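Colleague: One structure, pasted below without further comment.
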Amino acid sequence: MGRRKVKNNDNHNSMKQQNTSVHFEDEEVETTVSSNLEESVTVADIAIEDEAMCDAGVSLVDGEDDKTSADYYFDSYSHFGIHEEMLKDVVRTKTYQNVIYQNKFLFKDKVVLDVGAGTGILSLFCAKAGAAHVYAVECSQMAVTAKQIVEANGFSDVITVLKGKIEEIELPVAKVDIIISEWMGYFLVFENMLNTVLYARDKWLVDDGVVLPDKASLFLTAIEDAEYKDDKIEFWNNVYGFDMSCIKKQAMMEPLVDTVDQNQIVTNCQLLKIMDISKMTPGDASFTAPFKLVAQRNDYIHALVAHFDVSFTKCHKLMGFSTGPKSRATHWKQTVLYLEDVLTICEGEEITGSMTVAPNKKNPRDIDIMLKYSLNGRRCSVSRIQNYKMR
Ligand code: SAH
């Protein structure tokens, strides 16, 4: 999820978008993740009180196709395009499918709540895997379509689609055994829907219930990126002969969602934060995490790059996926934070610092990031604080 304001960036360094023709049958997807998932840390939840994601007050009836672009502006999940992008992200969707189909023991005779069901794909997987009943809750107009899809596939007896916000709807049951959701946004927490999942967990999940996925980890690394930084940042110095460098500041502050080539990576990859979705408490919205990035070769560093892994630890075998630059690209790509300085780093030298992540006070769906970094190297000595805002 989390792609409401999909950025129409060209892919980084002209990497090609994934082919959109998808072969579900024989697609092999990496479903195990790195062993960095042992530590348990609590993390962010974000108070969200906006209507932008959700369609207000339209009943669950068929045949409503009179939406205008204004409606879609406030309710982009009502349009099929965003769901098409998510469904065609094979790493994402196939991992959920593998998790569900290869762990039928989890679903047998169980009641499932699908938080933010979209087209209903996860509910359909769960129904097919033998769930006793699935409640598919979706706040956008896509709920109407999900109901049609459920009917067309003969699952109306097992799946109940409910149109509304998780925070506002009533469930026909007091408790559920499993909560499944695809809530992750860019930079993991952008357009945060995690709070909605935590709300559902605390309200309806039985004591020994399962949250799928139950772990998410944020990582940081550093890259050489001279060419693209030039194109995205220095570009503003001279635009058809005019000085637009005042836009540079704004461009620098905005993390760039794009794919990074693994050959650009100069340092190790540092784990910043592990979120335990089954245990973390709401109100833990912000965190500061220290990092130490050690150069693996002599190079220049232009940006730090964040990405995340997601895992399902309640499976028979650990399953999950990574959105890192060394893994197959997903629609989350990576998040690039350009540095004011170009760091001339020698092999073995360290960039140390910390990253603070917090929801913006005015708009909790936006994320404020504060980066502190310093390098005390033989050829370069820098210490700086930079602020970014994802919006
Ligand atoms: N589960 C689907 C869709 C994931 S995208 C899939 O995996 O393909 C997340 C969905 O959650 C969107 O369709 C969005 O409209 C919905 N959503 C976001 N916040 C919600 C809330 N508070 N209550 C109900 N649905 C929500």
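Colleague: Could you compute Rg(Cα) / (2.2 N^0.38 Å) for the range 162-283, with N its residue count?
Modeller: Working: Rg = 21.0 Å, N = 122, 2.2 N^0.38 = 13.7 Å.
Cα Rg divided by the expected 2.2 N^0.38 Å: 1.53.
Colleague: Still on this structure, please answer the following. Taking the Cα centre of the range 179-304 as origin and charging only Cβ (+1 Lys, Arg; -1 Asp, Glu), how large is the dipole, in debye to the nearest 20?
Modeller: 360 debye
Colleague: If I model a spin label as a point 7 Å beyond the Cα along the Cα-Cβ vector, how far apart are those points for residue 79 and residue 227 in nm?
Modeller: Result: 3.1 nm between the two label points.
Colleague: Moving on to the next point. Rounded to the nearest 20 Debye, what is the dipole magnitude of the range 70-195 about its Cα centre when Lys and Arg each give +1 and Asp and Glu each give -1 at the C-beta?
Modeller: Numbers: 11 positive and 16 negative charges, 110 e Å.
Charge dipole, the range 70-195, about its Cα centre: 540 debye, nearest 20.
Colleague: Using Cα pairs under 8 angstrom and six or more residues apart, how large is the relative contact order of the range 240-309, in percent?
Modeller: On the way: 23 pairs, mean separation 25.4, N = 70.
Over the range 240-309, the number comes to 36 percent.
Colleague: Now a separate question. Rounded to a whole number, what % of the accessible area of the range 207-299 do carbon and sulfur atoms account for, probe 1.4 Å? Working shown, then result.
Modeller: Working: 2190 of 4420 Å².
The nonpolar share, carbon plus sulfur, comes to 49 percent.
Colleague: Continuing with this model, one more query. Starting from the 7 Å offset along Cα-to-Cβ, what nm value, one decimal, do you get for the label separation of residue 104 and residue 128?
Modeller: Taking the simple label geometry, residue 104 and residue 128 are separated by 1.3 nm.
Colleague: Quickly work out the residue 88-to-residue 242 label distance, labels modelled 7 Å from Cα along the C-beta direction, and quote it in nm with one decimal.
Modeller: Using points 7 Å along Cα→Cβ, the separation is 3.5 nm.
Colleague: Fully extended, how many nm does the chain gain between residue 340 and residue 318 (0.36 nm per residue separation, minus their Cα-Cα distance)?
Modeller: Details: separation 22, 0.36 × 22 = 7.92 nm, distance 3.96 nm.
Additional length available on full extension: 4.0 nm.
Colleague: Continuing with this model, one more query. P(r) tail for the range 341-382, what percent of Cα pairs lie past 16 Å?
Modeller: Values: 436 of 861 pairs.
Percent of Cα pairs beyond 16 Å in the range 341-382: 51.
Colleague: If you don't mind, another one. Please report the carbon-and-sulfur percent of the accessible area for the range 322-391; probe 1.4 Å, protein heavy atoms only, DNA, RNA and ligands left out.
Modeller: On the way: 1310 of 3100 Å².
About 42 percent, which is the carbon plus sulfur part of the accessible surface.
Colleague: With +1 assigned to the C-beta of every Lys and Arg and -1 to the C-beta of every Asp and Glu, and no other charges, what is the dipole magnitude of the range 267-321 about the Cα centre in debye, to the nearest 20? Intermediate values should be presented prior to the final figure.
Modeller: Working: 6 positive and 4 negative charges, 35 e Å.
Computed about the Cα centre, the dipole is about 160 debye.
Colleague: Counting other C-beta atoms within 10 Å, and keeping those with at most 12, which DSSP coil GluC sites (Glu not before Pro) do you find in the range 300-391? Numbers along the way, then the final one.
Modeller: Values: sites: 340, 347, 349, 350; in loops: 347, 349.
Sites meeting the loop and neighbour criteria: 347.
Colleague: Please give every one of the lysines within straight-line cross-link reach of residue 147, meaning a C-alpha to C-alpha distance under 19 Å, and leave out same-chain neighbours fewer than 8 residues apart.
Modeller: Result set, ordered by chain and number: 67, 128, 163, 165.
Colleague: Full-extension gain between residue 381 and residue 234, please, as 0.36 nm times their residue separation minus the C-alpha to C-alpha distance.
Modeller: Values: separation 147, 0.36 × 147 = 52.92 nm, distance 2.25 nm.
Stretched out fully, the residue 381 to residue 234 stretch lengthens by 50.7 nm.
Colleague: Going by average Cβ neighbours within 10 Å, how do the peptides 319-325, 358-364 rank, with the highest at the top? Show your work: numbers first, answer last.
Modeller: Values: 319-325: 24.0, 358-364: 14.3.
Ranked by mean Cβ neighbours within 10 Å, highest first: 319-325, 358-364.
Colleague: Compute the distance from the alpha-carbon center of the range 307-352 to that of the range 184-236, in whole Å.
Modeller: Taking the Cα centre of the range 184-236 as reference, the centre of the range 307-352 is 11 Å away.
Colleague: Also, I was wondering about something else. Which length gain, in nm to one decimal place, applies between residue 300 and residue 356 when the Cα-Cα distance is subtracted from 0.36 nm times their residue separation? Present the calculation step by step, with values, prior to reporting the outcome.
Modeller: Values: separation 56, 0.36 × 56 = 20.16 nm, distance 2.41 nm.
Fully extending the segment from residue 300 to residue 356 adds 17.7 nm.
Colleague: Can you tell me the FRET efficiency between residue 249 and residue 288 if r is taken as the Cβ-Cβ distance and R0 is 25 Å, rounded to the nearest 0.05?
Modeller: Working: r = 24 Å, r/R0 = 0.96.
Taking R0 as 25 Å, the efficiency between residue 249 and residue 288 is 0.55.
Colleague: Using only Cα atoms, figure out Rg for the range 296-373 and give it as a multiple of 2.2 N^0.38 Å. Kindly include the intermediate steps, with their values, before the conclusion.
Modeller: On the way: Rg = 16.2 Å, N = 78, 2.2 N^0.38 = 11.5 Å.
Cα-based Rg divided by the globular estimate yields 1.41.
Colleague: So what is the accessible area of the range 88-207 per residue, in Å², with the probe set to 1.4 Å? Could you put the intermediate results ahead of the total?
Modeller: Numbers: 3950 Å² over 120 residues.
Here the per-residue accessible area is 33 Å².
The values are calculated or read from the model by the stated rules, or taken from the named source; none is laboratory data. Since the structure is predicted, the reported quantities are computational estimates derived from the model, not experimental observations. FYI the Cβ positions are ideal-geometry reconstructions off the backbone, even for glycines, and counts take in every protein chain you see. Just the protein is used for accessible areas: all its heavy atoms, side chains included, with ligands, DNA and RNA removed. Shrake-Rupley method; radii C 1.70, N 1.55, O 1.52, S 1.80 Å.
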